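Please read the structure below before turning to the comments.
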Amino acid sequence: MLARQRYLLDYTLAALLRRKGRHLSLLLVYGALVFALASVLLFGSALRREARALLQDAPELTVQRLVAGRHDPIPAAYLAEVRKIRGVAAAEPRLWGYYYDPASGANYTVLVPATDPPPAGSARVGRGVARSRGLAVGDVVAFRDARAEPLPLRVTHLLDPASELLTADLFLVAEGDFRRWLGVPEGLYTDLALRVRNGREVRTVADKVTRALPDTRPVLREEVARTYDAVFAWREGVGLLLLCAALFAFAIFAWDRASGLSAEERREIGVLKAVGWDTGDVLRMKLWEGAVVSLTAFLLGYVLAYAHVFWAGAPLLAPLLKGWATLYPEFRLVPHVEPAGVLALFALTVVPYTAVTLVPTWRAAVADPDAVMRGAQE
Amino acid sequence: MLLHPPVLALLVVSSLVTAGLALGVPFALRVVRHWDLASGSERQVRLERGTSLVSAVLGLVLAAQALSLGLFVFAAESLSSQITGAMCATGTLNATPFGFPALGLKVALFFGAAVWLALDRLDRDGDDYPLVRGKYALLVGLAPLAAAEALLQFLHFAGLSPEVITSCCGSLFSVEGAGVAAEVAGLPPGPAMAAFYLSGALVLALAARTWWTAGRGGAVLGAGAALGAAAVTAFAAALAGVVSFLSVYVYESPHHHCPFCLLKGGYDYLGYPLYSALFAGTACALAAAVSGPFARVRSLALAAPRRAARCAGWASVLLGAFYLLSTWAVLRSHLGLFP
C-alpha cells in the first residue's frame with residue numbers, strides 16, 4: 001500500500017522535472033500568493049504580541065477628566081480623592097502631550113518622566129525625532145512654546161534603540177519646560193495613573209472613581225489591550241480580504257492550468273491507462289503532483305514571508321498595519337510562529353488549490369485511452 | 001467579526017465543504033436509484049466514472065472538515081482576547097446562541113466523515129463496488145448537516161461583537177449553575193473517574209481484540225457493533241471526565257471545570273495532544289467498527305478484516321495515549337480530590 005504511493009510519488013516527481021518551465025511559473029505565482037498572505041498574518045500576529053507585551057507594564061487604570069466630552073487636564077486635587085479609594089495601591093499624576101512640529105511635519109510626544117526627569121533646559125530624545133531633525137547629543141533645538149516664544153532645549157541623551165517602537169517620537173523634558181512648552185498651568189495634570197493591588201478589583205475601583213469624581217473617565221488597561229487586539233486583527237483581516245481577490249485570480253489561473261492539459265500530458269495519461277493504470281491511479285498521481293507543487297510553494301512563500309517580516313521589518317506592509325504616522329519607528333519584531341496561523345494559511349491556499357484542480361484532472365483521467373491518444377495526435 | 005484571519009479561513013473551508021457535498025448529493029441520489037453493475041448502459045458507465053471523482057472530492061472535503069474542527073476551536077480561543085468577559089474559547093462560543101451548536105455539529109460531522117472515508121476505502125478495495133449504495137446514502141445524510149454547520153458557523157462569527165458581554169467558563173462550567181455543562185461539572189469525581197476508566201478499558205480491550213483476531217484473518221462478526229458502541233460510550237465518558245475531574249487536577253483548582261482552558265499555554269497546551277488523541281482514536285475505532293462486519297461480503301472477505309485490524313490497531317495506540325496522558329496529568333497534580 002505504502003510502496004504503491006511511493007512509486008506514484010516517484011513517477012510524479014520525474015514527470016514534474018520533465019516539464020520544468022511550466023511548473024516553475026505555477027510555483028512562482030503560487031509562492032508569491034502564499035508570501036503575501038503569510039506576511040500579513042505573521043506581521044499582524046507579531047504586532048499584537050508586541051502590543052500585549054508593552055501593555056503589561058502599563059498602569060491598570062488611567063483616570064482622565066472630561067469636559068464637554070473631550071479630554072481635559074485634571075486638577076491635582078483629584079489625586080487625593082482617588083488615593084482615598086480602598087484597593088488603590090498607588091496613584092501618580094502624569095504630564096504628557098503632543099506637539100506638532102511644522103519643521104518636520106510630525107507630531108512629537110512630550111513627556112515628563114516620573115523618575116529621574118532631565119534638568120531644566122535639556123531633553124532626552126527618541127531616535128525617530130533625532131533622524132528627522134538631524135539631532136545629535138549636545139545639539140540645541142528650539143521650539144515655539146505656548147506663547148510663541150522660543151524654547152531652547154539641549155539634547156543630552158538619545159533613547160535606547162531597542163525601545164524604538166515606543167520612543168521614536170518621544171521628548172523627555174523637565175516639568176517646568178513641559179508646562180511652558182505646551183501651556184499646561186501649575187496644578188493641572190494630563191491624567192492620573194492608578195495601580196490596583198488586586199487585578200479582580202480593577203472594575204470595582206473604576207466604578208468607585210466615577211462615583212467619587214463624576215466628570216472623569218477611567219480607562220482600563222484590559223480595555224486598551226482588547227482594543228489594540230481588535231484593531232490589529234481587523235487590519236490584518238482587511239489586508240487578507242484585499243488579498244482574497246488575488247486568491248480568486250489564482251484559483252481561476254489554477255483551474256485554467258489544470259483544464260488546459262497539454263496534448264503531451266493527455267497522451268501521457270492515455271499511455272498510462274493503456275498500460276493498465278486505472279482512473280483512480282491517474283487521479284492519485286495528479287493529486288500527488290498538486291501536493292508537491294502546493295507544499296513547495298507553501299514552504300517557499302512562508303519562509304520568504306518570515307524573512308520579510310522578521311529580518312527585513314516588513315517594508316511592504318508597514319504602512320497598512322502600523323498606522324499612518326509620519327515618524328515610523330524602526331524596530332525588529334520578535335520572531336514567533338503560531339502553529340494555528342500556519343493551519344489557517346494552509347486552509348486558505350492549499351485547500352482551494354487542490355479543490356479547483358481536481359475536476360479538470362478527473363476529466364482527463366476518465367477518458368478512454370484510445371480516444372485520448374487519437375485526439376492528441378490530431 | 002468576520003474579518004479575522006482564522007475566521008476567513010474557516011469560512012472558505014466550510015463553503016468548499018458545503019459546495020463539494022452539494023455537488024455530490026445529486027450524483028449520490030442517482031447512484032442510489034440507478035446503480036446496476038450488471039448493466040452496460042451509458043448511464044452506468046457514467047456513474048462508474050463519476051464515482052472515482054466524487055470519492056476523490058469527498059475524501060478531500062471531509063479531510064478539510066477535520067482541519068476546520070481544529071481551526072474552529074483555535075479561532076474561538078484566539079478571539080477570546082477581543083470579547084468582553086471571555087477568558088477562553090468558552091466565552092467566545094457562548095457569546096452567540098450559535099457557537100456551541102456549531103461546535104457540536106462540527107464534531108458530529110468529523111465522526112460522520114471518518115465513517116464515510118472508512119466505507120469509501122473499503123468499497124474501493126472490492127472489485128464490484130460492494131458498498132456503493134450504502135456509502136452514497138450516508139453522504140445524502142451528511143450533506144444537510146454540513147450545510148447547517150456552515151450556516152451556524154457564519155451566524156456565530158457574524159454575530160460576535162466586542163461590545164456584547166459574555167459569560168465564560170467560570171459561570172458555565174460551575175457546579176452551582178444550570179444546564180448540561182453545569183450538570184457535568186457537578187458530577188461527583190469518584191463515579192466519573194470510574195466511568196472514565198472502565199469505559200476506556202472496555203474500548204481498549206475490544207479494539208485490541210479486533211486488531212488481534214482480524215489481523216489473523218479471524219471472524220470479527222458481531223464485534224463491530226460492540227466496538228462502535230464502546231467507542232461512543234467511552235468518548236462521552238471521556239468528555240464528561242475531562243470536565244468533571246481531569247480539568248480540576250490540571251488546573252489544581254477545585255472549582256475550575258473548563259474543558260477549553262486546557263488549550264492555553266499556561267497549562268502546557270495539554271489540551272491539544274489530549275483532544276487530538278481522543279478524537280483521532282475514536283474516529284479509528286468507529287472506522288474499525290464499520291469495516292469489520294463486511295468480511296461476510298464475498299469481494300471484501302480479505303480486505304475488510306485487514307482494514308478493521310489496521311484501524312483497530314491505530315485506535316488502541318491513540319486511545320491508549322489519551323488514557324496514559326490523562327493518568328499522567330492526574331498523577332503529577334498537587335491536588336488531591338480523595339483524602
For the modelled label position 7 Å from the Cα of A:HIS71 along Cα-to-Cβ, which residues of the stretch A:82-113 have backbone nitrogen atoms closer than 14 Å?
-> A:94-100, A:108-112
Mind telling me which of A:ALA32, A:ALA106, A:ALA274 comes out most flexible in a GNM of chain A, alpha-carbon contacts under 10 Å?
-> A:ALA274
As computed over the stretch A:61-219, the Cα convex hull volume per residue (Å³) | 130
Output the residues of the stretch A:219-251 meeting this criterion: accessible area (heavy atoms, 1.4 Å probe) in the chain alone minus accessible area with all protein chains in place is 20 Å² or greater.
-> A:ARG226, A:ASP229, A:ALA230, A:ALA233, A:TRP234, A:GLY237, A:LEU240, A:LEU241
Restricting attention to the stretch A:179-258, which chymotrypsin sites (Phe, Trp or Tyr not before Pro) occupy a DSSP loop and are surrounded by at most 12 other Cβ atoms within 10 Å?
-> none
In degrees between 0 and 90, to the nearest 10, how far off the longest principal axis of chain A does helix A:279-306 point, with axes built from Cα atoms?
-> 30
What residue among A:LEU182, A:VAL309, A:LEU41 has its Cα farthest toward the positive end of the dipole of chain A, where the charges are +1 on Lys, Arg and -1 on Asp, Glu, each on the Cβ?
-> A:LEU41
Quick one: what does P(r) look like for chain A with 20 Å bins over all Cα pairs, in whole %?
-> 22, 37, 22, 15, 3
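In terms of the ratio Rg/(2.2 N^0.38 Å) built on C-alpha atoms, what value belongs to chain B? Walk me through the numbers on the way to the answer.
On the way: Rg = 21.6 Å, N = 339, 2.2 N^0.38 = 20.1 Å.
With N residues counted in chain B, Rg over 2.2 N^0.38 Å equals 1.07.
For A:ARG203 and B:SER333, what does the FRET efficiency come to when R0 = 30 Å and r is the distance between their Cβ atoms, rounded to the nearest 0.05? Could the numbers behind the result be given before it?
Values: r = 31 Å, r/R0 = 1.05.
Taking R0 as 30 Å, the efficiency between A:ARG203 and B:SER333 is 0.45.
What's the FRET efficiency of A:ARG144 with A:TRP311 using the Cβ-Cβ distance as r and R₀ = 41 Å, to the nearest 0.05?
Values: r = 41 Å, r/R0 = 1.01.
So, using R0 = 41 Å, E works out to roughly 0.50.
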Between helix A:263-274 and chain A: long-axis angle, C-alpha atoms, 0 to 90°, nearest 10 = 60
Based on Cβ point charges of +1 for Lys and Arg and -1 for Asp and Glu, what charge dipole magnitude is obtained for the protein assembly as shown about its Cα centre, in debye rounded to the nearest 20?
-> 1140
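Please give the total accessible area that chains A and B bury against each other, computed with a 1.4 Å probe and expressed in Å² to the nearest 100. Spell out each step's value before the answer.
On the way: alone 20350 and 15070 Å², together 32770 Å².
Approximately 2600 Å², summed over both chains.
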With x for Gly and Pro, the residue-by-residue ³J(HN,Hα) of the stretch A:62-76, computed from phi through the Karplus equation 6.51 cos²θ - 1.76 cosθ + 1.60 at θ = phi - 60° and given in whole Hz, is 10, 10, 10, 9, 10, 10, 6, x, 10, 5, 9, x, 9, x, 4
For the stretch A:29-38, take each phi angle, set θ = phi - 60°, evaluate the Karplus expression 6.51 cos²θ - 1.76 cosθ + 1.60, and give the result in whole Hz per residue in order, putting x for glycine and proline.
-> 4, 4, x, 5, 5, 4, 4, 5, 5, 5
Could I have the simple spin-label model distance between A:ALA103 and B:VAL140, label points 7 Å from Cα toward Cβ, reported in nm to one decimal?
-> 8.2
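On average, how much accessible surface per residue is there in the protein assembly as shown, in Å², for a 1.4 Å probe, leaving out ligands, DNA and RNA?
With all protein chains present, the protein assembly as shown gives 46 Å² per residue.
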Please work out the Cα center distance from the stretch A:20-85 to the stretch A:194-228, rounded to the nearest Å.
-> 20
GNM flexibility winner over chain B from B:GLU77, B:GLU149, B:GLU252 (Cα, springs under 10 Å) = B:GLU252
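What share of Cα pairs, in percent, lie more than 45 angstrom apart in the protein assembly as shown?
Values: 95879 of 256686 pairs.
Pairs farther apart than 45 Å: 37 percent.
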Quick one: putting +1 on the C-beta of Lys and Arg, -1 on the C-beta of Asp and Glu, what dipole do you get for the stretch B:1-53 around its Cα centre, in Debye to the nearest 20?
-> 80
Taking K and R as +1 and D and E as -1, what net charge do the other residues with C-beta under 12 Å from the C-beta of A:ALA344 add up to?
-> -2
With charges only on Cβ, +1 for K and R and -1 for D and E, what is the dipole size of the stretch B:167-339 about its Cα centre, in debye, rounded to 20?
-> 1020
Using a 1.4 Å probe on heavy atoms of the protein chains only, the accessible area for B:CYS168 in Å², nearest 10, reads 10
May I ask you to give the percent of accessible area on the stretch B:1-159 that is carbon plus sulfur, with a probe radius of 1.4 Å?
-> 69
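How would B:MET87, A:MET285, B:MET193 rank on accessible area, largest to smallest, probe 1.4 Å? Mind dumping the intermediate values first?
Numbers: B:MET87 130, A:MET285 0, B:MET193 40 Å².
Result, largest first: B:MET87, B:MET193, A:MET285.
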Taking r as the C-beta separation of A:GLU222 and A:GLU92 and R0 as 22 Å, the FRET efficiency to the nearest 0.05 is 0.65
Treating the angle as unsigned and between 0 and 90°, give the value, to the nearest 10°, between the Cα long axis of helix A:339-366 and the longest Cα principal axis of chain A.
-> 20
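State which entries of A:LYS273/B:LYS106; B:LYS135/B:LYS264; A:LYS286/B:LYS135 exceed 31 angstrom in Cα-Cα distance in the structure shown.
Numbers: A:LYS273/B:LYS106 39 Å; B:LYS135/B:LYS264 39 Å; A:LYS286/B:LYS135 24 Å.
Going by Cα-Cα distance, A:LYS273/B:LYS106; B:LYS135/B:LYS264 fall outside the 31 Å limit.
According to the Kirkwood expression over distinct Cα-Cα pairs, how big is the hydrodynamic radius of the stretch B:1-55, in Å? Each step should come with its number before you reach the end.
Numbers: mean 1/r = 0.0755 Å⁻¹.
That comes to 13.2 Å for the stretch B:1-55.
On a 1.4 Å probe surface of the protein chains, which of A:TYR302, A:TYR100, A:TYR108 comes out largest in accessible area, and what is the full order? Intermediate results must be reported in sequence, preceding the final value.
Values: A:TYR302 35, A:TYR100 130, A:TYR108 0 Å².
So the residues, ranked largest to smallest area, are A:TYR100, A:TYR302, A:TYR108.
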Two-decimal log10 I(q)/I(0) for the stretch B:167-339, as the Debye equation yields it once each C-alpha is a single scatterer, q = 0.12, 0.17, 0.18 Å⁻¹ | -0.58, -0.93, -1.00
How are the Cα pair distances of the stretch B:1-159 distributed, in percent, across 5 Å bins from 0?
-> 2, 9, 18, 19, 14, 11, 9, 7, 5, 3, 2, 1, 0
Carbon + sulfur, % of accessible area of the stretch A:61-219 - ligands and nucleic acids excluded, 1.4 Å | 52
Would you look at the GNM of chain B, springs on alpha carbons closer than 10 Å, and say which of B:HIS257, B:HIS34, B:HIS156 moves the most?
-> B:HIS34
Quick one: Karplus J couplings for the stretch A:171-176, per residue in order, coefficients 6.51, -1.76, 1.60, θ = phi - 60°, nearest Hz, x for Gly and Pro?
-> 10, 9, 10, 7, 4, x
Collect residues whose amide H, placed 1.01 Å from N in the peptide plane, falls under 5 Å from the amide H of A:LEU159; neighbours closer than 5 in sequence don't count.
-> A:VAL125, A:GLY126, A:ARG127
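The values are calculated or read from the model by the stated rules, or taken from the named source; none is laboratory data. Please read these numbers as outputs of a predicted model, since none were measured by experiment. Because the Cβ atoms are built from the backbone with ideal geometry, glycine has one as well, and the counts that use them run over all protein chains shown. With ligands, DNA and RNA removed, areas are computed over all heavy atoms of the protein, side chains included. Shrake-Rupley method; radii C 1.70, N 1.55, O 1.52, S 1.80 Å.
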